[in-house]
Amino acid sequence: MSHSGKTFVVEHLDPELEAWSSLEYLTIANESQASGARFLLSSVPTSLQLPANLQHVEGLNVETRGIEEIYADKKDKVCLLDPAASKDLSPEDGDTFEVFLFGGILGDDPPRDRTSELRKKGYQGRRLGPVQMTTDTAVRVTRIVVQDRVPVEKISFIDNPELKINKNESTQMPFRYVKGDDGRPIMPEGMVDLIIRDSEKSLDDLL
Ligand SMILES: C[S@@+](CC[C@H](N)C(=O)[O-])C[C@H]1O[C@@H](n2cnc3c(N)ncnc32)[C@H](O)[C@@H]1O
């Protein structure tokens with residue numbers, strides 16, 4: 001059985017689609033395309049105007065329908081990646097499931113468990129270890145586990161990395177990231193600049 005060709009579905013759960021999410025979704029689209037996987041961004045309201053960087057992206061399939069409607073006849077083939085699940089995702093889950101479902105939610109600290117909105121729908125759930133990841137990281141880790149057949153505990157992670165804003169300030173990202181070949185946390189292109197810009201803005205607001 002081929003282990004590539006999985007479908008990754010991010011159900012967009014926020015009313016807006018912020019710059020941060022758009023960078024995450026663009027990265028998921030590019031990485032899915034490169035690995036032979038399919039990426040669906042589901043539950044996108046018709047009223048929502050996609051940001052410019054998400055228009056005409058190869059590998060990004062935008063759906064106004066939600067997961068329940070799209071996979072009504074395949075519920076047992078859908079696995080929800082759920083930080084509260086009792087079982088961790090394993091390479092063998094790649095044999096059982098065809099579709100991997102994620103919450104399109106910005107991470108929050110402390111986590112507010114908005115993944116519960118998807119849990120209510122009754123899909124089988126799997127955890128990616130005990131630490132909260134960004135959505136693009138959760139998709140990346142799932143792909144490594146089910147397509148590359150690497151167990152979660154064999155993946156190198158970086159937790160809560162510190163990003164330098166300027167020579168005096170830094171900000172800590174309260175998430176787990178995959179460690180890249182350069183030893184740094186893998187983040188979407190443009191994300192570090194966006195975080196720095198946002199942090200400078202909030203520092204200015206404090207003055
Ligand atoms: C940024 S997280 C959101 C976590 C969150 N604060 C919440 O409200 O549930 C976005 C998505 O990534 C996936 N995810 C993140 N960390 C995970 C983990 N440790 N195990 C399983 N899934 C995870 C889940 O699908 C989650 O809905």
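The values are calculated or read from the model by the stated rules, or taken from the named source; none is laboratory data. Predicted model, so just to flag it, every value in this text is computed and none were measured. All Cβ positions, glycine included, derive from the backbone under ideal geometry; neighbour counts span all protein chains shown. Calculation scope for accessible area: heavy atoms of the full protein, side chains included, ligands and nucleic acids excluded. Shrake-Rupley method; radii C 1.70, N 1.55, O 1.52, S 1.80 Å.
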(message) Over all directions, the average projected area of the alpha-carbon convex hull for the chain comes to how many nm²?
(response) 12.4
(request) Please give every one of the aspartates and glutamates within straight-line cross-link reach of residue 87, meaning a C-alpha to C-alpha distance under 14 Å, and leave out same-chain neighbours fewer than 8 residues apart. (result) 153
(request) Check cross-link reach from residue 167 to the lysines: straight Cα distance under 20 Å, and skip same-chain residues fewer than eight apart. (result) 201
(message) Compute the orientation-averaged projected area for the range 55-119 from the convex hull of its Cα atoms and round it to one decimal in nm².
(response) 6.2
(message) Can you pull out the trypsin sites (Lys or Arg not before Pro) in the range 97-138 whose DSSP state is coil and whose Cβ has at most 16 other Cβ atoms within 10 Å?
(response) 112, 114, 120, 121
(request) Find the eigenvalues of the gyration tensor of the Cα atoms of the range 1-86, then list the square roots of 5 times those eigenvalues as equivalent ellipsoid semi-axes, largest first, in whole angstrom. (result) 21, 17, 13
(message) Counting only helical runs of four or more DSSP H residues, what would the 222 nm mean residue ellipticity of the chain come to if each run contributes -39,500 (n - 2.57) and the total is spread over all its residues?
(response) -8000 deg cm²/dmol
(request) Quantify, in whole percent, the carbon and sulfur part of the accessible surface of the chain (1.4 Å probe; protein heavy atoms only). (result) 46
(message) Taking amide H atoms as placed 1.01 Å from N in the peptide plane, list the residues 5 or more away in sequence, or in a different chain, whose amide H sits under 5 Å from that of residue 124.
(response) 80
(request) Could you tell me which helices of the chain pass both thresholds, a Cα extent of 20 Å or more along their own axis and a mean Kyte-Doolittle hydropathy of at least -0.5, with helices taken as whole DSSP H runs? (result) 19-35, 191-206
(request) Calculate the length of the line joining the C-alpha centroid of the range 80-143 to that of the range 8-38, in whole Å. (result) 15
